[in-house]
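Undergrad: My structure is below; once you've seen it, I'll send some questions.
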Amino acid sequence: MRRWWFAVLAAVFLLSGVAFAATPKIGGTLVFGRGGDSVGLDPAFETDGNSFMICDNVYDQLVLYADESTDIVPGLATSWDVSKDGLTYTFHLRKGVKFHDGTPMNADAVVFSLGRMMKEKKVKFFKDKWEFPKDQPPAEYWLSMEMDNIIDSIEATDEYTVVFKLKRPEAPFIANMGMDFAAIVSPTAVLKYGPDFKSHPVGTGPFKFVKWIKDDRIILEANLDYWDGRPYLDQAIFRVIPDNSVRFLELKTGNIDICQFPNPEDIELAKADPNLKLVSQPGMNIGYVSFNHTKPLWQDKRIRKAIAYAINKKAIVDNIYYGLGQVAKNTIPPNMWGYNDDIQDYPYDPEMAKKLLKEAKFFEKLKAAGQTKITLWSMPVPRPYNPNGMKVGEAIQADLKKVGIDVELVTFEWGTYLKKQREQDASMDLFQLGWTGDNGDPDNFLAVLLDGYADPNVRTQWKNKEYHEIILKAKQASSKEERIKLYRRAQELIHEEVPLINIAHSLVVWPMQKRVHNFKLHPTGSVRLHKVWVD
């Protein structure tokens, strides 16, 4: 199976060489086929990749990530200074940049964009004195990353200088500022559209929003005045095609140019098609199954371990990922610094699972909870870390049946699924989700996914004081070596306590038309079309 991976990657590098040798061409439309629609387009209040892939093209942040890596490069800030104590960050902004509505991007716009997410709005404008919207949803990313515990104040000291005062040293702070939630938005547009700004996004990015036909398509057009040069494309269309097979067929017939998340079995068909090519990258991701930690049923770690022993993860990767991934033993992927390779995963062992269930009196507890079965919420859309949530759900359902547990599979429309899961619905026992790293820092996995003491928006809502203290220390550590030591211990604790079951890290492989040039996969899962061009 590994030889197949290398063959794919070799083909990708060869094709990339052809693309780079050609001369970029201005004009044309690219149609991107994806598995689900966006939930909303205000980056401060979204959490899903289908929303962020549009935001990636409409907005900019103070800092950006380099192509194909999480290295930090200048964005709307051309440079920044950090005080010796690590508590003051001064950003110097790019001059002459305008939002898509023609209003200026300046320090006051930065204060507005980030200040609107603060619980206690300790901000100071230089000139514009924008009023913050009174009614807005929770800024879930901001909250889950504890930004209110990190940022004390934000001040525009002149038209192009913004100063952040922190409450504590925060090692990942600059990397965090490149994430989608930190995008800079037009204050004028936010106040004009109110709650409907999420359907009328206005940023400074390489593409302007044109139209959104819900559950069908989003249309963007080139920002001809983009500060980093106009896009080569005139237009980008993001089509919603939920069925993987139908989406791949649309690619083969030429109705779309890029096919996101094909069925793994369709990769071979793409390799054999003379009109198609592949791009590939090891995913900075994790697909997992977690427990509803708000329910008494899942408080005994022996029960959680039993579920871990009962799931045949290798069979899932072989038969559903088709080998385009690897079994996960840790929550962070092996291509990320701080990965603890010394951990030994729980093997597939149904007999051990039965033994632990008996010891923990699981079936008596299930009956006492008024249940005869458990629920497993399974994702309705393909994601980078899971090609088919329902198939994975069916595999886990069959595995748990072998140890005596009856499982009902539950799913919803994607936006509803995310909302109801966040609320820790009492009818939910197990749930599938996953994560693609935002910034290349282990904190972005280990804190955001698992530290329930940090914020109620952390999806697992696992609460462990030792883990919480480790994560806090790692955030404030002065050296990378110290952070690595702490993150290795955090992974040991995850293994010991089993707050979730790590299923797989995927290899991301997307087929596309050969007429598409310079499209690059990004470790964060971003879809960036600024430098893409078509024949």
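Undergrad: Residue by residue through segment 304-334, note down the ones that are in a helix (DSSP H, G or I) and touching a Leu at 6+ places or on another chain (Cβ under 8 Å).
TA: Lys305, Ala306, Ile307, Tyr309, Ala310
Undergrad: Does Val190 fit the bill of being at pLDDT 95 or above, within 23 Å of Tyr65 (Cβ to Cβ) and not aromatic (Phe, Trp, Tyr)?
TA: It is false that Val190 is at pLDDT 95 or above, within 23 Å of Tyr65 (Cβ to Cβ) and not aromatic (Phe, Trp, Tyr).
Undergrad: Moving on. Among the numbered criteria (1) at pLDDT 95 or above; (2) assigned to a loop (DSSP other than H, G, I, E, B); (3) under 22 Å from the mean Cα position of the chain (by Cα), which single criterion is violated by Trp337?
TA: (1)
Undergrad: Something else: Across segment 475-489, what is the number of residues that are more than 27 Å from Gln432 (Cβ to Cβ) and touching a residue at least 24 places away in the same chain (Cβ under 8 Å)?
TA: 7
Undergrad: Could you go through segment 445-460 and let me know if any residue there is assigned to a loop (DSSP other than H, G, I, E, B) and buried (at least 24 other Cβ atoms within 10 Å of the Cβ).
TA: yes
Undergrad: On to the next question. Which one of the conditions (1) part of a strand (DSSP E or B); (2) touching a residue at least 40 places away in the same chain (Cβ under 8 Å); (3) β-branched (Val, Ile, Thr) does Val73 fail to meet, given that it meets all the rest?
TA: (2)
Undergrad: Could you tell me whether segment 191-205 includes any residue that is closer than 21 Å to Gly86 by Cβ and surrounded by 18 or more Cβ atoms within 10 Å (Cβ to Cβ)?
TA: Among the residues of segment 191-205, not one is closer than 21 Å to Gly86 by Cβ and surrounded by 18 or more Cβ atoms within 10 Å (Cβ to Cβ), which makes the answer no.
Undergrad: Can you pull out every residue in segment 408-428 that is in contact with a strand residue (DSSP E or B) (Cβ under 9 Å, 6 or more places away or on another chain) and among the aromatic types (Phe, Trp, Tyr)?
TA: Hits for segment 408-428 are Phe412, Tyr417.
Undergrad: Here's a follow-up. If I filter segment 306-343 down to residues being hydroxyl-bearing (Ser, Thr, Tyr) and touching a strand residue (DSSP E or B) at 6+ places or on another chain (Cβ under 7 Å), which single residue comes out as farthest from Arg383 (Cα to Cα)?
TA: Taking the candidates together, the pick is Thr331.
The values are calculated or read from the model by the stated rules, or taken from the named source; none is laboratory data. These numbers come from a predicted model, not from an experiment. Ideal geometry is used to build each Cβ from the backbone, glycine not excepted, and the neighbour counts take in all protein chains shown.
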